[in-house]
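Here the structure is laid out as structure tokens; the discussion comes afterwards.
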């Protein structure tokens, strides 16, 4: 077996998690219940929930990566931040309830964001005395086993010396295997709250105390080296609860505290599989789900309600709430004191979704310079759809049928394109028929997919940022373009509108729209519409000062909504008005208080139940009490 990083010592689980030599899988059973000791596998695992774990297996021990070898359900999906490079808080009834008599500012509520990290030096996240409002940052990108003591005494920005955590026995120069077992035991223990680096399976945790010490130094990054390279996570935190003085109220929950996870980027083998262009950020759902498990440990029933905010999305999945990520969020938010807000994505007008039924052809334009992409086709049972793919030059595959046994490869004679086809007759999460086609070096031009013997079927291209060329369907369906996991039942999924003229933002994802005679019903999404265009945030300049700028995207709408939810949870739980409230009930309160137009039928697939109006919620409550 290959030895890595520590001479003749077996690699730690953290090293396996970072290494591209190990495949990542999701499994919905507890690993300790299965006896792997006699298999010879080099693996480790980390718990995500009581029914879900991430497993990391040495690639040399198992068959090559493909959907035929590994079920679609258990292969990680890649997510991207939903941002596109009038003041919305007043329009959403958020500023009004910050004032007397309600004075709802998110006090004693935790906002958890898993994204690109946070600029903890930003004054938007500091109190008047200069101390931080951040309870913890888990930086998944800084390995704990990089050596030495980390935190207060770190001088090199690379993990350094462990400082604060060293007092608790987690620091000092160490053999990773001496600590690896204990860290995994701690991670898998649901009783642990306010986790430190000794309680996560990889990466480094910086506590509020670490951050406050760093902020007192001339160069804070020498002590707490976590940074937000893209600024996306920082912008979300600003829109949710940023405050830098009376003239810089950036979010609704200006007294809320934050738990932040800087997610590590997906491994290269996954980026290669999904054809992620160089320089595009992409995150595995396994890392994101572990991030929210970490955030959940800062929830204390009746005392510290938590709002989980997600500003990322993916086009992978059936778009019906059945994905592993959706199941995880439903399980997380079914408990009291928790609410989740998910963005609806920026794919509404990107022409990346096609819907058909019966015998129908779908035409796909592939742009110049397209290196490759993954196309998913989801069909409704009991039909067994078949599909033939014809290239721009007129070459065709045979009619493809579902084959669970192997990956089928088709190479065109007169064109350089190769197609790799995997399929599942009954995909485990959705119960639907699934065909996945990887287009490798596709020829530019019009491709035709002839679908036959089908009930309703859907095709999804990857999100726009995963495509290099101008690739799209010629007859796209703009509905059902909310990104995963926005269809999860218990979460609050928001679309994006422009508050300056009360119009839906063109890129905003849309939910399902019923078509008479078509059997394809899913639950209503989105739940609400929230401003997300030209949202003010506080951003660092190259000179080191902070200036007000504006961001646009569905992630900003999700962040604003998360701040409003934190304000509402202060009223409900902290002030004792409804201490048993859960995410689904919070959603219902926001829906009854939403602004609606007389000439629009609600709910609908663009506006949900209307425009977010937090003040409107309390107007309704006051009438029934």
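Taken together, the values in this text are just the output of simple stated rules run on the coordinates, not laboratory data. Keep in mind the model is a prediction, meaning the values are calculated, not measured. We place every Cβ from the backbone using ideal geometry, glycine too, and count neighbours over all the protein chains shown.
Annotations for the structure displayed:
- Each of residue 230 and residue 426 was given a label point 7 Å from its Cα along the Cα-to-Cβ line. The distance between the two points is 3.8 nm.
- Structural size metrics of the range 42-82, computed from C-alpha coordinates, are Rg and Dmax of 12.3, 36 Å.
- Exposure proxy shown here: for 523, 77, the number of other Cβ atoms within 10 Å sets the order, fewest to most, as 523, 77.
- Note on 408, 127, 548: ascending count of other Cβ atoms within 10 Å places them as 127, 548, 408, the fewest first.
- Stretching residue 501 away from residue 580 to a fully extended chain increases their span by 24.7 nm, per 0.36 nm per residue minus the current alpha-carbon distance.
- Listed from fewest to most Cβ neighbours within 10 Å, the set 275, 384 follows the order 384, 275.
- Rg followed by Dmax, in Å, when the chain is reduced to its Cα trace: 24.3, 74
- Gain in span if fully extended, residue 100 to residue 418, counting 0.36 nm per residue against the direct Cα distance: 108.0 nm
- Binned Cα-Cα distance frequencies in the range 391-538 - 10 Å width, integer %: 8, 29, 33, 20, 9, 1
- Length available on full extension from residue 269 to residue 624: 0.36 nm per residue minus the Cα-Cα distance, which gives 122.2 nm.
- When DSSP beta bridges are restricted to pairs lying wholly in the chain, around 75% turn out antiparallel.
- R0 of 56 Å, Cβ-Cβ distance residue 545-residue 453: FRET efficiency to nearest 0.05: 0.30
- When only alpha carbons are used to place a centre, the range 280-343 and the range 348-411 end up 31 Å from one another.
- Once you reduce the range 417-438 and the range 572-623 to the center of their Cα atoms, the two points are 39 Å from each other.
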